[in-house]
Amino acid sequence: MSTLDNGMLSLSYLPMARYFDTNISAVLWVSVAFWVTAVGLMHTLGWMGDVFGRKRIYILGLFLFTIGIALAPFAINLWLLICCRLIQALGAAMILATYNAFITSIFPSTQRGTALGWSGAIIGVGLSLGPLLGGILLEIADWKSLFFSRVPIGVLGVFFAWYFLPDDSNKFSKSYKLDIKAVIVVFVTLGSALVLINQLGEYGTFSTIVVLSFLAFLIFLPLLVWMEKTSSRPILNISLLKIRQYRFSVLAHITHYLAQSSAIFAIPLVLLGPMGFPVIKVGLITASLFVFRIVVAPIAGRLSDQLGVRYFLIVANCVLALGLISLSFIYEGYPESLLWYSVLLCSLGAALFEPVVTSTIMGSVPIDRLGTASASVGVGRQFAFAVGTTLSGAVYAFQSTQYSKTEILLQDSGLAIAALGDVMLVGVIIAFISAILSLKLDNIYKRNH
């Protein structure tokens, strides 16, 4: 229900802009507000799951997400729709902050990778089907159907979670109290950073929203560090970075998604623009970036339980790099079979990487900090995509300007393809950095056995 969200809504911006009689920039806040809220609250909700019990936080998250998508179609203006998205964001933060923690606490270390692999497969289903189902629903109905269609899934999800998930409320200490001031500081620090990154490419360095976000981040970051050091049970728990395996796992995780974002940014642009592919085919190719997760993620997770994680992560990043290298040579008339081959290589690299690095992160922290680790997976991925998109846009703009000053490429289509190819090459460099970071990881299999 939650992973369908991005792929569906990315297709609905124009219909929403027409319906509410506004511009695309305003409609984009439907997604920006969602992710700022989810990222800003995820660590707090992971902390609450660790302290008060994960089942109740998870079920409440499913309930709120379902309420949000049920109310959204009734919004009479864009601001009410954004309010509904904030309810969804709160629910999504609860889900993302606890689901990896729940899996890790239920399964023994020898089965953790397998379980997280199946979780990765479900994520792959949502990411792959999102653009396709969104396109179909928009063809036969309107943007409201993108919300209504998921309400039954949410109702079933709440029931199944309540019925099947083990009650863990008695396993945790209730002696800690939630510090509201710390919640606000964490939210503003993470939220302002995400707004800063997201809006930098859209509005420029000296725009009002970018300057205000930067000032908020500068003011609240020192407060965050001070509060984390003085708290008896901090929300973010920066001290976890002292754990070698956690530190390098998170860094490898972030750099991998930075590399992956270059493909997500460039492929639709180059195919819809210079290559002139039809929208439906572009949707299929973009969806295939995630399709291998459905099949490969459970296998990768299972094998990593038996063989260890380090070399899986290295191979995964190298496979992603090969796909990006192949895509960087794209040109008008590029064979479609080679295009599919390159995209599927990127998909395979992501499928090998995602469940294994999640298992490594979750296996590196104490059991009473699984919520914090789970939140770091979601927050790290979202920040990586935000930074990666901004970086890709900057590289594309800079290289386009450089190529336009030469006489090598005279046509606009050739200029755009060359610039987008350079975006892919930056992704290749970052993928190799992730592979190098993976070399630093301990072999989790040996440590657990």
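The numbers here are math on the coordinates, done by the rules we state, and not lab data. Worth saying up front: this structure is predicted, and the values here are computed from it rather than measured. Heads up, the Cβs are rebuilt from the backbone with ideal geometry, glycines too, and the neighbour counts pull from every protein chain shown.
Classify the stretch 9-88 as rounded, prolate or oblate, taking a ≥ b ≥ c as the square roots of the eigenvalues of its Cα gyration tensor: rounded when a/c is under 1.5, otherwise prolate if a/b is larger than b/c and oblate if not.
Prolate.
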>> For P(r) over Cα pairs in 20 Å bins from 0, in percent, one of [x] 23, 57, 19, 1; [y] 24, 60, 15, 0; [z] 22, 48, 25, 4, 1, 0 was computed from the structure I shared and the rest are decoys. Which label?
In response: [y]
> Can you list, bin by bin at 10 Å, the percent of alpha carbon pairs in the stretch 241-282, starting at 0?
Replying inline: 26, 29, 21, 15, 9
>> Ignoring everything except DSSP H segments at least 4 long, calculate the 222 nm mean residue ellipticity for the chain; use -39,500 (n - 2.57) per segment, divide by total residues, nearest 500.
In response: -26500 deg cm²/dmol
> Which distance in Å, rounded to a whole number, links the C-alpha centroids of the stretch 1-64 and the stretch 126-161?
Replying inline: 14 Å
> So how do MET8, MET275 line up by other beta-carbon neighbours within 10 Å, fewest first?
Replying inline: MET275, MET8
> Which whole DSSP H helices in the chain pass both tests: a Cα extent of 30 Å or more along the axis and a mean Kyte-Doolittle value no lower than -1.0?
Replying inline: 29-52, 78-106, 112-140, 180-203, 208-230, 244-272, 336-362, 370-404, 412-439
> What FRET efficiency do you get for ILE106 and LEU223 if R0 is 30 Å and r is their Cβ-Cβ distance, rounded to the nearest 0.05?
Replying inline: 0.25
> For the chain, which longest stretch is free of loop sites, where a loop site is one of the GluC sites (Glu not before Pro) that DSSP puts outside H, G, I, E and B and that has at most 13 other Cβ atoms within 10 Å?
Replying inline: 1-331
>> How would the stretch 191-255 be classified by its alpha-carbon gyration tensor: rounded, prolate or oblate, with rounded meaning a/c under 1.5 and the a/b versus b/c comparison settling the rest?
In response: oblate
> Within the stretch 89-103, what residues put their amide N at less than 11 Å from the label point 7 Å along the Cα-to-Cβ vector of LEU165?
Replying inline: 94-103
> Just the Cα atoms of the stretch 254-392, one point each, no solvent: what log10 I(q)/I(0) does Debye give at q = 0.13, 0.17 Å⁻¹?
Replying inline: -0.59, -0.94
>> For SER10, project a label point 7 Å along Cα to C-beta. Then give me every residue of the stretch 255-270 with its amide nitrogen under 18 Å of that point.
In response: 256-270
> What ranking of LYS281, LYS144, LYS242 emerges when the number of other C-beta atoms within 10 Å of each C-beta is taken as an exposure proxy, fewest first?
Replying inline: LYS242, LYS281, LYS144
>> Could you tell me how far the Cα centroid of the stretch 81-106 sits from the Cα centroid of the stretch 322-386, in Å?
In response: 21 Å
> Counting other C-beta atoms within 10 Å, which of VAL30, VAL155 has the fewest, and how do the rest follow?
Replying inline: VAL155, VAL30
